[in-house]
Amino acid sequence: MTVHVPGVIAIVVFYLLILAVGIWASRKSKSSEKNADSEEVMLAGRNIGLMVGVFTMTATWVGGAYINGTAEIIYGSGLVWCQAPFGYALSLAIGGLFFAKRMREEGYVTMLDPFQRQYGGRMGGLLFIPALLGETFWSAAILSALGATLSVIIELDNTVSIIVSALIALMYTLFGGLYSVAYTDVIQLFCIFIGLWLAFPFALTNDAVGSITANATEVWIKTLDPKDTGFYIDSSLLLIFGGIPWQVYFQRVLSSKTAFRAQMLSYVAAVGCIVMALPAVLIGAVASVTDWNQTDYKGAVPIPQKEQKLILPLVLQYLCPDVISFIGLGAVSAAVMSSADSSILSASSMFARNVYKLIFRENASEREIIWVMRGATLGVGILATIMAITVDSIYFLWYLCSDLVYVILFPQLVCVVYFRGTNTYGSLSGYIVGLFFRLSGGEDAISIPALIEYPMYNAETKTQNFPFKTLSMLLNLFTVIFVSYLLKYLFESGKIPRRYDFFNCIVKIPEENIALATKEPTSELSAITPIKEYKGNVNPALKLSREDIISDYGSLAEDFVQPSEEKAPIDFENSAMLHPTGN
């Protein structure tokens, strides 16, 4: 195998540029070893401007799998099945309309914060599992895509290319946090846009390429088979609503200066996703009208399905001049790194804050949290790299995790934002129900058999044509609401004794904690959520009186809280309070 030296040089120059920008951006962080601030690292001090926010939001969605997958699906299945650009665009718009403002106004630090506030630390940790798997498998999938691209265009060893790319992304993410990720995203998005649009006219005018307008409906637009309607609807809804409950999205929402800006960057990034997909769509169309026998391509024609994931690099390699091919390669590399760094940072942020701090080490210092986050960043990055090198079915693993995000996390997010009466019992029940029905539908790609054959099940292909993923999501949603309000009624009415409130989230409140909250204003109470974050950090100097406790805990608190003439409030700047769930 002969390595293309000019291509390697181009990649090295591009990587050095990205690394330099990442290191420069890391200096913008005000956090240091002497003045450590984990929120500064995770959210860039909530100081991301609208323009940079739009670029980093768009670049996070427009990853290597996004542009490679778009070209692949156009070639193999047609524009009618190219659901990702439109699905993710609608996902961003809906997220901005219904979730961005509420989440930003509450002052959360990660997507899991509202779950742990309302359902408790352990339930939040359980919800962390699909979120972590989704981010890790997504990073592995796009690193694998990059390795395949480099091996096609410059014939660089797949393992070497994956390791080097992962190392570059890890280096600036480790110490710069969101600042480095956001500012490198700006450069990467420009590279994607320029590289792909520059390659398209050269590919289109190649002698081996026919007209993309002639018989376009039959060749690369195609039509939907009516028997696939159920599966098509399921996939569309998964992309639209399953694209919302991701930490990579909310990390940018929560880093915005204001709630209004959080909404605006969602709307503008939605348009950006469509715009950035256009060159990949056109490149896929070009590939579909190309006579590959007239090129230097030596593989089977038509290109077999297992090789169609390489459509975009094949177009760059065989239909474009070398210089343009290398520039396009830089675009693919940029797309991969813009998504990989974001996913790795998101997973490590959730682990450091929502698992390590809020479950195991409530009194951990800011410096400790930052170092735990760096360790998690390194761990997730290494895991994703190993998987990208060794696992053949990463795409399908990520696909399954995307299902789990849609089926499990989305309905839980709806409940925690819009149904404040839901509780830990409902959340856990919905989690189990949603997971059971999703896995019962089977997944042939990773050898999970179908335990339930839904209507329109195809026994020959072992595929479900009924939208069972959406059904599983809805069952999760209804279960959370039904179980929550049913148990709330049964406990509060006395039909179930309060001693059976094992999660301490409805009526059974430890007497000693309420007594301390009313009699010892300066006491340090065991907490899941520090009081400076209580009620969304709207007012860090929040005072809590007897009436506030009764408001939060319900009428049961009156059994424990005796009227006081002084009614001295608690100064929460120097104290902590038991999370309302008591979990």
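The values are calculated or read from the model by the stated rules, or taken from the named source; none is laboratory data. These figures come from a predicted structure and were not determined experimentally. Glycine gets a Cβ as well: all are built from the backbone with ideal geometry, and neighbour counts include every protein chain shown.
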Tell me which of these residue 242 doesn't satisfy, since it passes every other one: (1) over 19 Å from residue 91 (Cβ atoms); (2) buried (at least 24 other Cβ atoms within 10 Å of the Cβ).
(1)
Given the condition in the same structural domain as residue 283 (by TED's automatic domain parsing), buried (at least 24 other Cβ atoms within 10 Å of the Cβ), modelled with pLDDT under 90 and closer than 27 Å to residue 119 by Cβ, answer yes or no: does some residue in the range 336-343 qualify?
yes
Answer from 178, 167, 126 - the residue that is assigned to a helix (DSSP H, G or I), among the aliphatic types (A, V, I, L, M) and without any contact (Cβ under 8 Å) to a residue 12 or more places away in the chain:
167
Which ones in the range 70-110 are within 21 Å of residue 239 (Cα to Cα), touching a Leu at 6+ places or on another chain (Cβ under 8 Å) and not in a helix (DSSP H, G or I)?
83
Right, residue 413: touching a residue at least 40 places away in the same chain (Cβ under 8 Å) and either in a helix (DSSP H, G or I) or within 26 Å of residue 105 (Cα to Cα) (or both) or not?
yes
Within the set of pairs 6 or more residues apart or between chains, which connect a residue that is farther than 21 Å from residue 287 by Cα inside the range 65-94 to a residue that is modelled with pLDDT under 90 with Cβ atoms less than 8 Å apart?
88/61; 88/66; 92/61
Flag for residue 324 being over 28 Å from residue 13 (Cα atoms), in contact (Cβ under 8 Å) with a residue 24 or more places away in the chain and surrounded by fewer than 22 Cβ atoms within 10 Å (Cβ to Cβ):
no
If you check 282, 310, 278, which single one turns out to be surrounded by 16 or more Cβ atoms within 10 Å (Cβ to Cβ), among the hydrophobic types (A, V, I, L, M, F, W, C) and in contact with a Phe, Trp or Tyr (Cβ under 9 Å, 6 or more places away or on another chain)?
282
Please go through the range 344-374 and pick out each residue that is of a type in the set (Phe, Trp, Tyr) and under 12 Å from residue 42 (Cβ atoms).
351
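In the list 67, 73, which residue meets the criterion of being buried (at least 21 other Cβ atoms within 10 Å of the Cβ), β-branched (Val, Ile, Thr) and over 16 Å from residue 336 (Cα atoms)?
73
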